[in-house]
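Engineer: Dropping a structure here in structure tokens format, bear with me for questions.
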Amino acid sequence: MIYAIVNFLIGAFLVFQSFRIDHKASKYPCSSSLVNLILFSSLNFFFMALTVFLTLKGTKQFALICGRVAYFLFGWLAVSSCDYVLKYPNYERTKFMKVMRILLIAFSGYIAFFSNNGFTSFEYARTGFYVVSGLVSSTKIGRALRLTWLDLFYLVYTIIFPLFVSIMVLVRAENAKVKLIRQNMENNIFGFIFSGLAFWFIQKGSVYMPYITALAPVGFLPQLYLFERSNENDEIVDIRGIRRGTLRFIIEFLIPVFIVAAAYILLAPFNEIYHNLYPVLLFAVVVVILGLKTFFRYKYGDFEIFRKKRYAVSFEKDISSLDFSKNPQEITDEVFRIFKKYADTSSMKIVMDDGTGNISVVYSSDGNTNVEIPFDSATGDVIMNAHNQVVFRDRVTRHSSIAAVKSKLDILFKETNTEALIMLNEGRNFIGLILLGPKESGNVYSDYDLEVFNKYYSNLFVVGYYIKNIMNESVVGTVNREIRMSGQIITSIQENMDLIQSKKVDAGYLMIPAHNIGGEFVDMIRLTDTRHIFIIGALSGKGIAASMSMVILKSIIRTYLAETTDFKKLVAKVNVFIRDSLPKGTFFAGIFGLLDFNTDTLYYINCGSPALYVYTRAYNNVIEVQGEGHILGFVKDITPLLKVKKVKLAEGDIIMSVTDGILDTKSLRGDIFGKQRTQNALMDNSSYPAEKMARFAYDVLVDFASKQLENDVTMLVIKYLGNKA
């Protein structure tokens, strides 16, 4: 009975495994075929379980029927496995393959159901589980060979046909242009080899342990496992990787185990004399070994031998720590060093758009920038529309959404000798490309590389933005060499916004960091002629770290606006991005506002803003209209906490929002500027244009403080002119 249960459990596990693979079917080209193969295999296990159960508890006739079905499925599964390997990864069946498939499946059915003495009965005795099968031929030669139908069945479906298919696949693999595909095809052949050995063991072992016959379908498991590994494998096994893994295994596992084992033996005499001391000493040795291991990992963890393939955390740390105060060459060299260190990149080119549609190489790791880049705006539009900013050469065919430009991308990869493309764009504005050469190891860029590059795409965008706006010689030459590069970047990005161009609105803003640069910002984004979004707020932290996070956030908001038109969903996605992608502990406090000129309405979501004021001309009064607010970056799903509020605007109304740098400013006497003085500054200057209102309110703040301001100051003023021309 235990063998029936084992077969059933393996079948159930395969069903579960098929769902897991099907869930990732879109990522891998052969997943659907593999899912069908695994489900077919599970069916074989279920029928074998039923056969064993009926042999024990049911009638022999029912057991015989189920057993014949099980072996018919066995043969069909063997043929389907060969068919899968022949088609991998995207080959079409030839007429020969189709005919052979039909003939072999039919032959399996003939042996199982129609041969005179193919499978005559299934027996269960105290000594084991038996499949009774007669001789293929009753002639003198047949009796001499002692070849039963069961032997012939195993010979055809586990040796002859798989061997024939393996030879065909090996020939095809030699002609495969992509090294990864060639390796995976060879890996599938190893699946046949290991399964063949498993079937041989089951068949020969059944002579001594007849119970093993009940587990005949287990022989398929090695090939199913290797088929699955080949389907999901995205790395080439190279000598360097094997050497590094072996050395790491010896240093991190074998040596500590050897030392602990030696201590166990050497300290054994203490166990006879000091029973309580022996385990304490042994425990102390283990603690010391673990301590030394941790020390070496901390001290030498950056060495290649200890560095593991999962490099996301270290990559993020290095790419986020770029010092933009260095000269351009040093920064771009550092970016290449990061890719080389973690992704094993052999070369890198950075291509920039000059603003007129012309692109050129501005950086090349080999020093050769005189390279023509075959990339046009139409190709860029297709990639942007597909939201596949990271494209790998050998994975172009996986993305049906960019199939229209496959030939153009193939030319780009070939002529530039690159294997990976990272397209940099701010919303719909193309900035440039980062082109990565082949890996030094000869490996290919993996799905893990794709995951990392996508996750830290915003950091790469900052690099591109820096190069486009700062590294260009015509810009650098006109800037004072003593000004820090980082300050130039932040200033240029802060001022890059869609100022509201409408007769109904007069908008002005003011941003003055206390220490050259900071994390506060104002942004205005045009949606249509009659709808405009504005954001004002502050990211936690000071200086360069906060300012770089601000750069990334401004970019990602525009990117998300290209994906969603839902105001609330936009804020929810920004929250997730801050929590998961910006440095740990970063949060945002501010306001997201949407102005609809058609309905004269302000929609807003308060995200922990300290103050949002509306001056109502009809009542000549200032009211605070914050609503419920929750800071972004803490809660994983903030959607249930977001509240969209609205304010109806009339001619003469004024909206003013400020950050806490204004409210918290203290005078020499220790008084706080506070909300009341902020409201008074708004009222007193309401007759001026919005830009001057912001400036005059700041002057009032400076006079009040009577000293250098310690906090960043950011203010947004929107005067609603209504129908006034």
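Engineer: Could you tell me which of the residues 453, 392 is under 23 Å from the mean Cα position of the chain (by Cα), farther than 26 Å from residue 328 by Cα and in contact (Cβ under 8 Å) with a residue 40 or more places away in the chain?
Structural biologist: 392
Engineer: So residue 285 passes all but one of these: (1) modelled with pLDDT under 80; (2) surrounded by 13 or more Cβ atoms within 10 Å (Cβ to Cβ); (3) not in a loop (DSSP other than H, G, I, E, B). Which condition number does it fail?
Structural biologist: (1) is the only condition that residue 285 fails.
Engineer: Can you run down the residue pairs with Cβ atoms below 6 Å, 6 or more apart or on separate chains, where the first is in the range 590-610 and among the hydroxyl-bearing types (Ser, Thr, Tyr) and the partner is open to solvent by less than 10 Å² (accessible area, probe 1.4 Å) and in a strand (DSSP E or B)?
Structural biologist: Between residues of the range 590-610 that are among the hydroxyl-bearing types (Ser, Thr, Tyr) and residues that are open to solvent by less than 10 Å² (accessible area, probe 1.4 Å) and in a strand (DSSP E or B), the close pairs are 604/591; 604/593; 609/590; 609/591.
Engineer: Hey, another quick one. Only one residue in 50, 103, 56 is open to solvent by 30 Å² or more (accessible area, probe 1.4 Å), among the hydrophobic types (A, V, I, L, M, F, W, C), over 19 Å from residue 181 (Cβ atoms) and touching a strand residue (DSSP E or B) at 6+ places or on another chain (Cβ under 7 Å). Which one?
Structural biologist: 56
Engineer: Return the pair list, or none, for Cβ contacts closer than 8 Å from residues in the range 669-695 that are farther than 18 Å from residue 508 by Cα to residues that are part of a loop (DSSP other than H, G, I, E, B), at least 6 apart or on different chains.
Structural biologist: Within 8 Å, the pairs are 672/664; 672/665; 673/664; 673/665; 673/667.
Engineer: Can you pull out every residue in the range 65-95 that is open to solvent by less than 10 Å² (accessible area, probe 1.4 Å) and β-branched (Val, Ile, Thr)?
Structural biologist: 79, 85 - these are the residues of the range 65-95 that are open to solvent by less than 10 Å² (accessible area, probe 1.4 Å) and β-branched (Val, Ile, Thr).
Engineer: With among the basic types (Lys, Arg), in contact with a strand residue (DSSP E or B) (Cβ under 6 Å, 6 or more places away or on another chain) and in contact (Cβ under 8 Å) with a residue 24 or more places away in the chain as the only criterion, which of 643, 554 stands out?
Structural biologist: Answer to the check: 554.
Engineer: Okay, moving on. How do the helices (runs of 4 or more DSSP H) wholly within the range 612-725 filter down when requiring 1 or more residues that are surrounded by 14 or more Cβ atoms within 10 Å (Cβ to Cβ) and polar (S, T, N, Q): which remain?
Structural biologist: So the answer is 674-684.
Engineer: Check 229, 248 and return the single one that is open to solvent by 30 Å² or more (accessible area, probe 1.4 Å), farther than 30 Å from residue 84 by Cβ and either at pLDDT below 80 or not β-branched (Val, Ile, Thr) (or both).
Structural biologist: Exactly one of 229, 248 is open to solvent by 30 Å² or more (accessible area, probe 1.4 Å), farther than 30 Å from residue 84 by Cβ and either at pLDDT below 80 or not β-branched (Val, Ile, Thr) (or both), namely 248.
Engineer: If you don't mind, there's one more thing I want to ask. Could you tell me whether any residue of the range 518-534 is at pLDDT below 80 and either polar (S, T, N, Q) or in a helix (DSSP H, G or I) (or both)?
Structural biologist: no
Engineer: Does the range 586-603 include one or more residues that are under 21 Å from the mean Cα position of the chain (by Cα), surrounded by 18 or more Cβ atoms within 10 Å (Cβ to Cβ), closer than 17 Å to residue 556 by Cα and among the aliphatic types (A, V, I, L, M)?
Structural biologist: no
Engineer: A further question on this structure: Among the listed residues 16, 40, identify the single one that is over 28 Å from residue 125 (Cβ atoms), surrounded by fewer than 17 Cβ atoms within 10 Å (Cβ to Cβ) and of a type in the set (Phe, Trp, Tyr).
Structural biologist: Only one candidate qualifies: 16.
Engineer: Still on this structure: Within the range 365-380, identify whether any single residue is within 23 Å of residue 320 (Cβ to Cβ) and in contact (Cβ under 8 Å) with a residue 24 or more places away in the chain, and answer yes or no.
Structural biologist: yes
Engineer: Looking at residue 146 and the list (1) modelled with pLDDT under 85; (2) of a type in the set (Lys, Arg); (3) under 52 Å from the mean Cα position of the chain (by Cα), which single condition is not satisfied?
Structural biologist: (3)
Engineer: Here is a list: 64, 14, 103, 56. Which entry is under 44 Å from the mean Cα position of the chain (by Cα) and not basic (Lys, Arg)?
Structural biologist: Checking each option against the conditions leaves just 14.
Engineer: Let me ask something else about it. Within the range 541-571, take every residue that is assigned to a loop (DSSP other than H, G, I, E, B) and at pLDDT below 80 and give me the one that is farthest from the chain's Cα centre (by Cα).
Structural biologist: 542
Engineer: Here's something else I'd like to know. Find the residue count for the range 198-218, including only residues that are out of contact with any strand residue (DSSP E or B) (no Cβ under 6 Å at 6 or more places or on another chain) and either surrounded by 19 or more Cβ atoms within 10 Å (Cβ to Cβ) or part of a helix (DSSP H, G or I) (or both).
Structural biologist: Just the residues of the range 198-218 that are out of contact with any strand residue (DSSP E or B) (no Cβ under 6 Å at 6 or more places or on another chain), to begin with: 198-209, 212, 215-218.
Still in the list and also either surrounded by 19 or more Cβ atoms within 10 Å (Cβ to Cβ) or part of a helix (DSSP H, G or I) (or both): 198-206, 212, 215-218.
So the answer is 14.
Engineer: Another question about this same structure. Which number in (1) touching a residue at least 60 places away in the same chain (Cβ under 8 Å); (2) in a helix (DSSP H, G or I) marks the one condition that residue 53 misses?
Structural biologist: In the conditions (1) touching a residue at least 60 places away in the same chain (Cβ under 8 Å); (2) in a helix (DSSP H, G or I), residue 53 misses (1) alone.
The values are calculated or read from the model by the stated rules, or taken from the named source; none is laboratory data. None of the values given here were measured: they were computed from a predicted structure. Note that we place each Cβ from the backbone using ideal geometry, even for glycine, and neighbour counts take in every protein chain shown. For accessibility, only protein heavy atoms count, side chains too; no ligands or nucleic acids. Shrake-Rupley method; radii C 1.70, N 1.55, O 1.52, S 1.80 Å.
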